[in-house]
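Written below as structure tokens is the structure these notes are about.
The values are calculated or read from the model by the stated rules, or taken from the named source; none is laboratory data. Note that this is a predicted model, so its numbers are computed, not measured. A quick note on method: Cβ atoms are made from the backbone with ideal geometry, for glycine too, and the neighbour counts reach across all protein chains shown.
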Amino acid sequence: MGRTIKQSRPRHRVPMGVGALMMAVVLLCAGGSGAQTDRHTGRHRAIPPHRTQPSQGQEAAGKVEKPLWNVSLALGNRQGGDLFRLEVLNGSAVPWPGLDPGGFQSSRFTADFEGSTCWQASISRELGEVWRLRADGTYVRQDVTATALVGQTGARYRYDRMDSWGLGVGLERDLVHQLSAPYAGLAATLTHLSPVVNHDLSQTAWGARVSLGYRRMVGRRSSLFVEASLEGMMWDRGSFEPQAREPFDPVYGLDFNDQVVFFAIQAGIRVGIPR
């Protein structure tokens, strides 16, 4: 009997180079799947996701640039202390001139500065992270009011009115290193005063001012602020003598203050000049 010979199909072997290439692809894919082996523990640990670094343009767009120069405009109210006290020595009520028609009549009165609207414009330059140099100009038309004794009660009359133009130069410092921050300032001031009635009081006076405020950023280069200040001003009486209405020529005692303190509170806007 003849034997049946089984013919087997030839097996195709994978070349070793191709197998190594396939192994490398598998390992590469395993590495890109987000896991790698810790060489100390042999455990797999997840690779943190890649964070895209912002470009220089994106960083510049998100950063608030601090201007070197700033301008501001403020509106507020200023009130002053007593300018002088007068008392007729014999106690007689004497007529005195004033802004009100007919003036007023009294044996003694105190003249002080009534609260009035004040305007201020300023320019400042940054000197560092928290310091700045500031120069400002202020205008206020302020009434001088006489608080007079009339009978057994007191009354207030408009004794005079003064236009004052002031210039201040000084330093400011932010109390915290932030764009929105409280700040304090110290400045030397020079003020010219021009009375309407008592021209002998017209003068240019030196003074000093301390201020405390808060600035709130509302844009990339703009901010709103509120500020309170105390200003002491040196006054020169010169040849000033209060004059009663004619034909009265009373003998009186006069207590004149050569230092008058003004208090002001104001709010405004500050805008930075682009570099």
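Some notes on this structure:
- Taking the listed residues 104, 113, the one that is among the aromatic types (Phe, Trp, Tyr), in contact with a Gly (Cβ under 8 Å, 6 or more places away or on another chain) and touching a residue at least 60 places away in the same chain (Cβ under 8 Å) is 113, with no other qualifying.
- Whichever residue in the stretch 124-147 is surrounded by 15 or more Cβ atoms within 10 Å (Cβ to Cβ) and hydrophobic (A, V, I, L, M, F, W, C) and, among such residues, is farthest from residue 69 (Cα to Cα): 146
- For the criterion of being loosely packed, with under 12 Cβ neighbours inside 10 Å and modelled with pLDDT under 50, residue 58 passes.
- Of everything listed in (1) of a type outside the set (Gly, Ala, Ser); (2) buried (at least 17 other Cβ atoms within 10 Å of the Cβ); (3) outside any strand (DSSP E or B), the single unmet condition for residue 84 is (3).
- Qualifying residue in the stretch 153-170 (condition: under 30 Å from residue 246 (Cβ atoms), out of contact with any Ser or Thr (no Cβ under 8 Å at 6 or more places or on another chain) and surrounded by fewer than 16 Cβ atoms within 10 Å (Cβ to Cβ)): yes
- The stretch 209-226: number of residues that are crowded, with 16+ Cβ neighbours inside 10 Å and within 16 Å of residue 169 (Cα to Cα): 2
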